[in-house]
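Novice: Pasting in a structure now, in structure tokens, and then I'll have a few things to ask.
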Amino acid sequence: MNARTLYPAERGNLGLSFEYFPPKNEEMEIQLFQTVADLAIFAPTFQTVTYGAGGSTKARSLTTVKRMIGEVGLKNTAAHLTCVGAPKAEVDAVIDEFVACGVRHFVALRGDPQGGIGSAYQPFPGGYESSAALVKALRARGDFEISVSAYPEKHPESPDVAADIDMLKRKVDSGATRAITQFFFDNDDFERYLERVRRAGIHVPIVPGILPINNLAQVVRFAGLCGSKVPEAIISRLAHLDDQPEERFKEASHIAAEQIVDLARRGVRDFHLYTMNRSPLIAAVCDLVGYARRPANRTAAPSYRAVATA
């Protein structure tokens, strides 16, 4: 599907958000904030900053969020938060720090097991035992926007999709206001998942997570770890372009834009893009879809608006 087959009115009604991760060094910090500035012209509804399992990036996450809100002026910045490897008091203290710097939107996650992806998860003694418990604690502390995760192809630790959806319902019943999905590439999987979610009585927005493919081998490897799949049709479009960076970039941008347009044709109106802290491919995708570029205003970021239910 050609991304430009969307009508202007449809393009104007599509919401957008971005995910970033905290930088590890000064060079990566410069790149991150240049990316944030580059993508601010698309006026995202919000942007999120990740938080390592067990608080492994706590200081860097806090610093990044503070800069985005205080220096860049992006008041709609959301902070990821996990409950792996920490007692409740420590998690609560982190919540207080985020709130003190202006955070009003959290992405509440359990986090990966301390032994890494594939190892068994064990609740930390005296900690929040699940993401649903973390959501409940956040809801008790304030009137926050609370996003949670969803898995169209099933979380790798879940026995089946039904168990996944039951967990999502517990998170929503605890106070979550939105779910953002793990990245996926087969829109039929998402549509089937969404139908089952709605039948389960879950009516919060389910926002597709879209991952434009900068590095095919890396994405295939990561997909295998997190329970996603990369269709052969996509692999065949990119695998022969390793030595043709310009063509690879063009093809990757069209793949992601086509996915968004197809989902929009199915009624989805909001999309969360995993940026990998790089702007060129994300900007190209947004341009192909037809998101409007607006003059950057780094002191008056767009305020939060409720994401329309998909």
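Novice: Amide H to amide H under 5 Å from Thr48: which residues, 5+ apart in sequence or cross-chain, H placed 1.01 Å off N in plane?
Specialist: Those qualifying (amide H under 5 Å, at least 5 residues apart or on another chain) are Phe18, Glu19, Tyr20, Ala78.
Novice: Remind me, relative contact order of region 8-289 in percent, using alpha carbon pairs under 8 angstrom and six or more residues apart? Working shown, then result.
Specialist: On the way: 469 pairs, mean separation 55.0, N = 282.
Rounded, it is 20 percent for region 8-289.
Novice: While we're looking at this one, here's another question. How large is ³J(HN,Hα), in whole Hz, for each residue of region 221-238 in order, when computed from phi with the Karplus curve 6.51 cos²θ - 1.76 cosθ + 1.60 and θ = phi - 60°, using x for Gly and Pro?
Specialist: 5, 5, 4, x, 6, 9, x, 9, 10, 9, x, 4, 4, 6, 4, 5, 6, 10
Novice: Please list, by residue number, every one of the trypsin sites (Lys or Arg not before Pro) in region 196-257 that is coil in DSSP and has at most 16 other beta-carbon atoms within 10 Å.
Specialist: On the way: sites: Arg196, Arg198, Arg199, Arg221, Lys229, Arg237, Arg248, Lys250; in loops: Lys229.
Of the trypsin sites (Lys or Arg not before Pro), the ones in loops of region 196-257 whose Cβ has at most 16 other Cβ atoms within 10 Å are Lys229.
Novice: Measure off, as a whole percent, the carbon and sulfur share of the 1.4 Å-probe accessible area of region 8-289, all protein chains present.
Specialist: Details: 6020 of 11730 Å².
Within region 8-289, the accessible surface is 51 percent carbon and sulfur.
Novice: Something else about it: Which whole-number value in Å² is the accessible area per residue of region 8-289, probe 1.4 Å?
Specialist: Working: 11730 Å² over 282 residues.
In whole numbers, region 8-289 has 42 Å² accessible per residue.
The values are calculated or read from the model by the stated rules, or taken from the named source; none is laboratory data. Computed from a predicted model, the values in this text were never measured in an experiment. Positions of Cβ are generated from backbone atoms using ideal geometry, with glycine treated the same way; all protein chains shown enter the neighbour counts. Only protein heavy atoms, including side chains, enter the accessible area calculation; ligands, DNA and RNA are left aside. Shrake-Rupley method; radii C 1.70, N 1.55, O 1.52, S 1.80 Å.
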